[in-house]
Structure formats: C-alpha cells, structure tokens
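Enquirer: Can you read through this structure? Questions will come right after.
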Amino acid sequence: MKQMNQLSIFDMQTESPHTLAQTPLADRMRPLDLEHYIGQKHLLGKGMILRQMLEKDMIPSMIFWGPPGVGKTTLASIIANRTQSAFVNFSAVTSGIKEIKEIMKQAEENRIFGVRTLCFVDEIHRFNKAQQDAFLPYVEKGSITLIGATTENPSFEINAALLSRCKVFVLKSLTPSDLTELLSFALHDTNGFGSTTIHIADELLGTIAGFANGDARAALNTLEMAVLNGEISPDGSITITKNTLEQCLGKKTLLYDKKGEEHYNLISALHKSMRNSDPDAAVYWLARMLEAGEDPLFIARRLIRFASEDIGLADNNALQLAVAAYQACHFNGMPECNINLAQTVIYLSLAPRSNAVYSAYETAKKDALAQLAEPVPLNIRNAPTKLMEALQYGKDYTYAHDTEEKIARMTCLPDSLKNKRYYLPTDEGMEHIMKERLESSREFRLGG
C-alpha cells in the first residue's frame, strides 16, 4: 500500500508497552484484516459481495452507512491495508476545499502514471455541498475511489450526483453475541488485556454487550473502565464484580434484560399508563426503562405506534410529535433525548383517545384475508391499454374533481362488501369533524 503524504490515520507504528497501555482499548483492538473483523456477515461473509470486491482488489466508490461503533472506519482501515492504491484520509471537520483540490490534483497525476488513489472521508455528511462537489469530477474520471462513512441517511445528506456514483453498503448494529465475542477477544489478546489475568463472569460480559446497544466502541470503553476499577489481587490478577460494573455503568442495569420478560412488562406498563391518561405513571415507567439502558429508539417507535393506535384522528398532532421524538432521539441520543421522550409521553397521555383507526384496519384485515381473490371493481381499474378499455376497465368511472361536490356517486368496494363500514369515528377530539365529513360523504355516495 502506498501512502500519499502523511494524511492517513491508519499508519501502523511500533509502540512501546508504556505507549500501548496509554492507548484506549478501542483503538488497540482495531483489527487490521478481515479475519479479525467482527460483524457485518451480510457484507463480509464468505461469498458476500463486499468481501469478493476486497479479495479481488476491485474497490468501487462506496458509502458505508450505519450507526456509531459498528466498524465503518475500521473497514476503511482494512481496505487501506489491502489495496494497491495510494490512500488518503480526509476529516469532514478539518478538511477544506483548498486541501481537497490539492489532493485531487495529485491523484490526477497519479492516475496518469497508472496509480489509483483511494480517499476515505469519515463523517462525509458533515461536508457541505461545495466540498462534496469537489470530489465529483475526480470520481467520474476514475482518478479516485471514494469511500465515505456516515451515520446519516445518504439519500438526504449526500449530493445526488455523487451518491449516484457510489455503491451504498448498510452496516448493521453489532449483535450481543458479536460484542461478547469482541470483549472476550479483548481480554485474551496481547493488544488488549492478554498480559493480565482478568476474572469476570460471562453474565457480566453479556451485560456490557447489552448495555453497548450494538456499539463496539462503547462496549470496549466500558470493559476498559471496569478493568481499571476492578479489584486487584496480590498475584496481580483483576476481578470485576457486579458491583464494580454497576458503578462503571452508573445505573442498575443487571436486572434488566432487553429481551426478557421485564423488557416487555415495562413497555406494557408505559403503553397502558398513557392509554389510561396517567402521565405521572407513564413518565415513571419511561424513566425506569431509560435509566436501565433501554434503547430510546425502541421506546420512540412504540410511541409512534401508540399515537395511531390509541389516539388516531382525535389528535393529528400526536403522530407528528411522536415521529419528531424519534428523530430527536436519533439526533441527540442519550441522555439528551430523555426530555424529548418525556415531553411526548406526557402529551400522548393527555391527548383525546380514539382507537377507531386501529379498529378500522383490524376489521378490514379480517375481510381482506378471507377474500384475497376478490376482484377490483371494473369502474376503479386502470386502463392504460386499448385491450383493457375493450374489457371495460375503468367503465363508469367518475373523476371526483369534475363533480361539484368533489365526490362521485359510485362504490369502491367489491360487490360482496358494498355496504361494509370499517372506520367508525368517535366524537373525541378532532375526530368528530371526521365523523361529520364521513356521514356526509357516505350519504351522497350511496345516493341519499
């Protein structure tokens, strides 16, 4: 691998034991090859597309999209160590357009002499449009191969022209078993704590893995803190106890299994407290989950469901606020997003109630499953061809906007369900307006 200037953060240097001890565990355990890379089997497993590309050294411009701590930068490091290209690392925080253009000029010169240049841009979503545009002509000409890493949706954060020239690979959160494997390896590897005897129960390793929520860096940082605060025996070995780990985590997490019964009991308690218009109880159960290490995005998803299932059209702001809370959790993370969730939980607890939308779908679902072959009425079928017109597709269809009432006198349900009613609005909140509109529409459509 050829290095261009001194810009790569992946240069490997020989470190003394003293330097190694002062280097964070997460950095010491960064793998240098695919054999020691943990996770992302859907991309890097045997026969998978990305692995084949790496093995053949046929690296396209690509974007690694995934949450923090799943190995985006590490994977770029491995590619840098394998490729025959010159390698350049950019920081979206410190690199300006002038620097980008200088490196691109060097890359163009390298191309003339048959040398490829691979550019890695961490947090590429932080680059503005002008900075991203500076890469575009060189990606198009093949002067560089661009690898960008981002935690944000590339569709929204990366210029369409640049994105269209890159292949997007979605990296997933590491599983608890992935993280447990990584933690165990760190305890025995010489780059980790292999030179020291560490006593820690498998149960506690599982707790760290669960607390890290798919983030390898968080898991290793927690393990390192626990080791540094462990009980040192006369023989130099270190013991990590349940109490030590609880102090490192700063919360009681060990009785909370995110996949166990308590997990479902607590989310049920939150849901039913909101349904019963009890914001005090709802906030308590919210705090119980968050302070025990529950994923705030899991809670936010449940709030989005609640907004439609238990409030529905009685208050349309409920769904908007719940979705906004999910976005806030994504942007802020813990602990900052706890207040965003609390605000939403209190609002949903006090909003008017209606399960009419939920009931409408559940009733329609039963009929849909029982009559999956029920034909679509001819009058509301599309007729894009002459043959379909000849078969009377779209016959007697009336364009609602052409009528004075903006409603056509026709039924859109199959004949067997012609008079079936699914949505039965209540008088709660704003839903009474929907009820009035529905009754007026129904009366006109049926010729009343």
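Enquirer: Label region 278-319 by shape, choosing from rounded, prolate and oblate, from the square roots a ≥ b ≥ c of the eigenvalues of the Cα gyration tensor; if a/c is under 1.5 it is rounded, and otherwise prolate applies when a/b is larger than b/c, oblate when it is not.
Expert: oblate
Enquirer: Using θ = phi - 60° and the Karplus form 6.51 cos²θ - 1.76 cosθ + 1.60, what ³J(HN,Hα) does each residue of region 130-136 get, whole Hz, x for Gly and Pro?
Expert: 3J(HN,Hα) across region 130-136, in whole Hz: 5, 5, 5, 5, 5, 7, 3.
Enquirer: If you don't mind, another one. Rounded to the nearest percent, how much of the accessible area of region 36-167 (1.4 Å probe, protein heavy atoms only) is carbon and sulfur?
Expert: Answer for region 36-167: carbon and sulfur cover 53 percent of the accessible area.
Enquirer: Where in region 75-177 are there chymotrypsin sites (Phe, Trp or Tyr not before Pro) that are in a DSSP coil and have at most 10 other Cβ atoms within 10 angstrom of their Cβ?
Expert: Phe113
Enquirer: For the pairs Lys395/Lys418; Lys365/Lys418; Lys242/Lys272; Lys105/Lys172; Lys72/Lys129; Lys386/Lys420, note any where the Cα-Cα span goes beyond 24 Å.
Expert: Cα-Cα > 24 Å for Lys242/Lys272; Lys105/Lys172; Lys386/Lys420; rest within.
Enquirer: Calculate one ³J(HN,Hα) per residue across region 79-87 by plugging θ = phi - 60° into the Karplus curve 6.51 cos²θ - 1.76 cosθ + 1.60, and present them in order as whole Hz with x for glycine and proline.
Expert: 4, 4, 6, 9, 6, 8, 8, 5, 10
Enquirer: Springs between alpha-carbon pairs under 10 angstrom, Gaussian network model over the chain: which of Leu249, Leu387, Leu321 fluctuates most?
Expert: Leu387
Enquirer: Still on this structure: Going by Cβ distance under 4.7 Å, what cysteines of the chain have no possible disulfide partner?
Expert: Within the chain, the cysteines lacking a partner Cβ under 4.7 Å are Cys119, Cys166, Cys248, Cys412.
Enquirer: Further, regarding this structure: Would you grab the residues whose amide H sits under 5 Å from the one on Val168? Only those 5+ places off in sequence or on another chain, please, with H modelled 1.01 Å from N.
Expert: Under 5 Å from the amide H of Val168: Ile63.
Enquirer: Residue by residue, what Karplus-based ³J(HN,Hα) values in Hz, rounded to whole numbers, does region 415-432 have, using 6.51, -1.76 and 1.60 with θ = phi - 60° and x for Gly and Pro?
Expert: Result, ordered by residue: 4, 5, 10, 3, 10, 6, 10, 10, 8, 10, x, 9, 9, 6, x, 7, 5, 5 Hz.
Enquirer: Then there is this: Angle, helix 202-212 long axis vs. longest principal axis of the chain, Cα atoms, 0 to 90°, nearest 10?
Expert: Taking the Cα atoms of the chain, the angle to 202-212 is about 60 degrees.
Enquirer: Say we join alpha carbon atoms closer than 10 Å with springs in a Gaussian network model of the chain; which of Cys337, Cys119, Cys412 then has the biggest fluctuation?
Expert: Among Cys337, Cys119, Cys412, the largest mean-square fluctuation in the Gaussian network model of the chain belongs to Cys412.
Enquirer: Select from Thr411, Thr190, Thr180 the residue whose mean-square fluctuation is largest in a Gaussian network model of the chain (Cα-Cα springs shorter than 10 Å).
Expert: Thr411
Enquirer: Longest exposed-loop-site-free stretch of the chain, with trypsin sites (Lys or Arg not before Pro), DSSP loop and at most 16 other Cβ within 10 Å?
Expert: For trypsin sites (Lys or Arg not before Pro) (loop position, at most 16 other Cβ atoms within 10 Å), the longest site-free span of the chain is 260-380.
Enquirer: Could you state the angle between the C-alpha long axis of helix 317-332 and the longest principal axis of the C-alpha atoms of the chain, as a value from 0 to 90 degrees rounded to the nearest 10?
Expert: With rounding to tens, the tilt is 10 degrees.
Enquirer: Now, a different point. What angle, in degrees between 0 and 90 and rounded to the nearest 10, separates the Cα long axis of helix 279-291 from the longest principal axis of the Cα atoms of the chain?
Expert: 30
Enquirer: Select from region 342-448 those chymotrypsin sites (Phe, Trp or Tyr not before Pro) which occupy a DSSP coil region and have at most 10 other Cβ atoms within 10 Å, ordered by residue number.
Expert: When the chymotrypsin sites (Phe, Trp or Tyr not before Pro) of region 342-448 are filtered for loop state and at most 10 Cβ neighbours within 10 Å, Tyr399 remain.
Enquirer: Would you please give the residues with an amide H less than 5 Å from that of Ile147, counting only those at least 5 places away or on a separate chain, with H modeled from the backbone geometry?
Expert: For Ile147, whose amide H was placed from the backbone, the distant partners under 5 Å are Met62, Cys119, Phe120, Val121.
Enquirer: Determine the gain in length on full extension of the stretch Met430-Lys386; use 0.36 nm per residue of separation and subtract their C-alpha separation, reporting nm with one decimal.
Expert: Computed gain between Met430 and Lys386 is 11.3 nm.
The values are calculated or read from the model by the stated rules, or taken from the named source; none is laboratory data. Because the structure is predicted, anything quoted here is derived from the model rather than measured. Glycine also receives a Cβ, built like all others from the backbone with ideal geometry; neighbour counts cover every protein chain displayed. Note: accessible area is taken over every heavy atom of the protein model, side chains too, but ligands, DNA and RNA are not part of it. Shrake-Rupley method; radii C 1.70, N 1.55, O 1.52, S 1.80 Å.
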